[in-house]
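Inspection log for the structure reproduced underneath, given as structure tokens.
The values are calculated or read from the model by the stated rules, or taken from the named source; none is laboratory data. Since this is a predicted model, take the numbers as computed values, not measurements. Ideal geometry is used to build each Cβ from the backbone, glycine not excepted, and the neighbour counts take in all protein chains shown. Quick note on the areas: whole protein, heavy atoms, side chains included, nothing else; ligands and nucleic acids left out. Shrake-Rupley method; radii C 1.70, N 1.55, O 1.52, S 1.80 Å.
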Amino acid sequence: MAASASASTSLSVVAVQTGPQKPSPSPSPSSPAADEAEALQNLLKREYKYGFVSDFESFSIPKGLSEATVRRISELKAEPAWMLDFRLAAYRRFLTMAEPTWSDNVYSPVDLQSLCFYSAPKTKPKLNSLDEVDPELLKTFDRLGIPLGEQKRLSNVAVDAVIDSTSIATTHREALMAKGVIFCSISEAIREYPDLIKRYIGSIVPPGDNYYAALNSAVFSDGSFCYVPKDTVCPMEISTYFRINDKETGQFERTLIVADERSTVSYLEGCTAPAYDSNQLHAAVVELVCEEGAEIKYSTVQNWYAGDEEGKGGIYNFVTKRGRCKGRGSKISWTQVETGSAITWKYPSVELVGDDTVGEFYSVALTKDYQQADTGTKMIHKGKNSRSRIISKGISAGKSRNCYRGLVQMNSGAENAYNSSQCDSLLIGDNAAANTYPTIQVGCTSGRVEHEASTSKIGEDQLFYFQQRGIDHEKAVAAMIGGFCRAVFEHLPYEFAQEVDALMNLKLEGSVG
């Protein structure tokens, strides 16, 4: 499907739906089609690499959500009174809201009263060095490929390591501070840089923005804060690695990144969780503030546990991510690879407020087995000559559902604004589904929008072509997937390149049918 809109044209929601199709007759047990179906099933049963549980002592508050819960979290974080007031106002707003039901995702209601809202590893009151961290915690991050020890830590990436409800370590913090860059956990920032936090927290995603944003604003536990001063290029990549370990704890991360005038920063985010047979909730809020001439690049490899091949267990990943290009010539770029979680619900978005601003969204969303993903982006054009680009690649395998939902909006003052959108879906097998819901609203006389969407399937003729050249099923599918996703992968930072290649091979190797 291709669509374009200009002047005052408004294109409302359009749905492109493909699959599941009418079942085909079962192939003969000895036929090539049967071999391909068996290869697909073998793929979908591949073990989740990061499903282990770490054994360390934790402190948890009683389950359930109430005003007392909010007050207890603030007390444990040793927060000032103004932060408690922020939380309580958000909680009272949350009580007036209902969980939305309009997405394609279908799941059992989340019982918030059955969750623990704060769990943290037991540590000494003040950590003077990583030698005082529980060795089991350090071992956990070593197994995840995120070494925190002085001799092993990544030399070109600063990492904030968050497990359950707390940050346990932030590497290279002093080296960054030498350049004026503040990088620490959000909990530390609230205490040490209150003026910056007061100024920016909730300014991009207000507490009442939506149901899960309000919940997060009331009970958020930890996450990262980064401030890059004027005329500064951050000297290294900054990164947060989120790990859930406790079985019955929700994780409510809060990330705030501020790039002051003419500064540049690149942020990397990764996440994993144990393979529990029950669902866990991850409800995050991410706010990006981009001042005049500044640039923020935000990259995510989301690899939460997705549940087993029967759809049991897995993370509910309900996230609000938004950035604002405030000043002239500022730029925000989102690049994400979504492969995990049982349910994903997120739309990283950009408000293009200043003139000559740029917003970009590059995404690969992979679902398999019974996974469901309702993802996409919003590009809101307000400034003159603002530009946005969207490239979304959805891959559906097994009995999964993968939805792209996007909004391109050009306000009356966005003269000469331009958007290019490309949304492609790839089906693997006969039972997967891919839906596309683009919304385009052009309210200025000179705005231009270009939109393309396609849905395709890996077919027997393509696989036969590879087989004729001596290439087996698994390598053939890997090659086709690599080509399909290349337009997104090339925008990932080098530090994520190897992880993404390995991840996609693990998820899709042998995926035929």
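For Glu338, are the conditions met, namely being of a type outside the set (Lys, Arg), touching a residue at least 12 places away in the same chain (Cβ under 8 Å), farther than 23 Å from Gly447 by Cβ and in contact with a strand residue (DSSP E or B) (Cβ under 9 Å, 6 or more places away or on another chain)?
On the way: of a type outside the set (Lys, Arg): yes; touching a residue at least 12 places away in the same chain (Cβ under 8 Å): yes; farther than 23 Å from Gly447 by Cβ: yes; in contact with a strand residue (DSSP E or B) (Cβ under 9 Å, 6 or more places away or on another chain): yes.
So Glu338 fits the description; yes.
Got a sec? Which of Tyr267, Tyr241 is among the aromatic types (Phe, Trp, Tyr) and open to solvent by 10 Å² or more (accessible area, probe 1.4 Å)? Don't jump to the end; show me each part of the working.
Values: Tyr267 fails: open to solvent by 10 Å² or more (accessible area, probe 1.4 Å).
Of Tyr267, Tyr241, the one residue that is among the aromatic types (Phe, Trp, Tyr) and open to solvent by 10 Å² or more (accessible area, probe 1.4 Å) is Tyr241.
List the pairs whose first member sits in the range 277-299 and is within 12 Å of Leu256 (Cα to Cα), whose second member is open to solvent by 10 Å² or more (accessible area, probe 1.4 Å) and of a type in the set (A, V, I, L, M), and whose Cβ atoms are under 6 Å apart, counting only residues at least 6 apart or on separate chains?
Ala284/Val319
Can you tell which of Gly376, Gly340, Gly383, Gly313 is open to solvent by less than 10 Å² (accessible area, probe 1.4 Å), touching a Pro at 6+ places or on another chain (Cβ under 9 Å) and not polar (S, T, N, Q)?
Gly376
If you go through the range 272-300 one residue at a time, how many are outside any loop (DSSP other than H, G, I, E, B) and either modelled with pLDDT under 95 or open to solvent by 10 Å² or more (accessible area, probe 1.4 Å) (or both)?
Of the residues in that region, 12 qualify.
Identify the residue in the range 474-491 that is farther than 24 Å from Ser363 by Cβ and open to solvent by 40 Å² or more (accessible area, probe 1.4 Å) and, among all such residues, is modelled with the lowest pLDDT.
Glu474
Out of (1) out of contact with any helix residue (DSSP H, G or I) (no Cβ under 7 Å at 6 or more places or on another chain); (2) within 19 Å of Gly202 (Cβ to Cβ), the odd one out for Leu84 is which?
Failed condition: (1).
Considering only the range 413-427, how many residues are at pLDDT 95 or above and part of a loop (DSSP other than H, G, I, E, B)?
Qualifying residue count, the range 413-427: 4.
Could you tell me which numbered condition Ser333 fails, if it satisfies all but one of (1) without any contact (Cβ under 8 Å) to a residue 40 or more places away in the chain; (2) part of a strand (DSSP E or B); (3) surrounded by fewer than 24 Cβ atoms within 10 Å (Cβ to Cβ); (4) touching a Lys or Arg at 6+ places or on another chain (Cβ under 7 Å)?
(1)
If you scan the range 60-80, which residues turn out to be open to solvent by 60 Å² or more (accessible area, probe 1.4 Å), of a type in the set (Lys, Arg) and either touching a His at 6+ places or on another chain (Cβ under 8 Å) or not in a helix (DSSP H, G or I) (or both)?
Lys63
Within the range 81-184, which strands (runs of 3 or more DSSP E) (wholly inside it) include 3 or more residues that are modelled with pLDDT of 70 or more?
On the way: elements: 119-121, 157-163, 166-170.
Strands (runs of 3 or more DSSP E) meeting the threshold: 119-121.
Please specify each residue of the range 343-367 satisfying the condition of being open to solvent by 20 Å² or more (accessible area, probe 1.4 Å), among the charged types (D, E, K, R) and over 17 Å from Glu490 (Cα atoms).
Scanning the range 343-367 gives Glu351, Asp355, Asp356.
Which members of the range 208-223 meet the condition of being within 20 Å of Glu75 (Cα to Cα), part of a loop (DSSP other than H, G, I, E, B) and of a type outside the set (D, E, K, R)?
Hits for the range 208-223 are Phe220, Ser221, Gly223.
Just need a number here: residues in the range 392-443 that are open to solvent by 40 Å² or more (accessible area, probe 1.4 Å) and more than 14 Å from His381 (Cβ to Cβ).
Looking only at that region, the number is 6.
From the residues in the range 197-216 that are of a type outside the set (Lys, Arg) and open to solvent by 40 Å² or more (accessible area, probe 1.4 Å), which one is farthest from Phe318 (Cα to Cα)? Before you say what the answer is, go through the steps one by one.
Of the range 197-216, the ones of a type outside the set (Lys, Arg) are 197, 200-216.
Cutting the leftovers down to open to solvent by 40 Å² or more (accessible area, probe 1.4 Å) gives us 203, 206, 209-210.
Values: Ser203: 20, Pro206: 16, Asp209: 13, Asn210: 11 Å.
It comes out as Ser203.
Answer yes or no: is there a residue in the range 359-371 that is modelled with pLDDT of 95 or more, charged (D, E, K, R) and over 26 Å from Leu426 (Cβ atoms). Can you show your working first?
Our first condition is that a residue be modelled with pLDDT of 95 or more; within the range 359-371, this holds for 359-361.
Keeping just the survivors that are charged (D, E, K, R) gives 360.
Pick out the ones that are also over 26 Å from Leu426 (Cβ atoms) and you get none.
No, there is no match, as no residue in the range 359-371 is modelled with pLDDT of 95 or more, charged (D, E, K, R) and over 26 Å from Leu426 (Cβ atoms).
Can you pull out the residues in the range 444-457 that are outside any strand (DSSP E or B), out of contact with any Phe, Trp or Tyr (no Cβ under 9 Å at 6 or more places or on another chain) and surrounded by 15 or more Cβ atoms within 10 Å (Cβ to Cβ)?
Within the range 444-457, Cys444, Ser446 qualify.
Count, please, the residues in the range 334-358 that happen to be at pLDDT 90 or above and under 13 Å from the mean Cα position of the chain (by Cα).
Adding up the residues that qualify gives 9.
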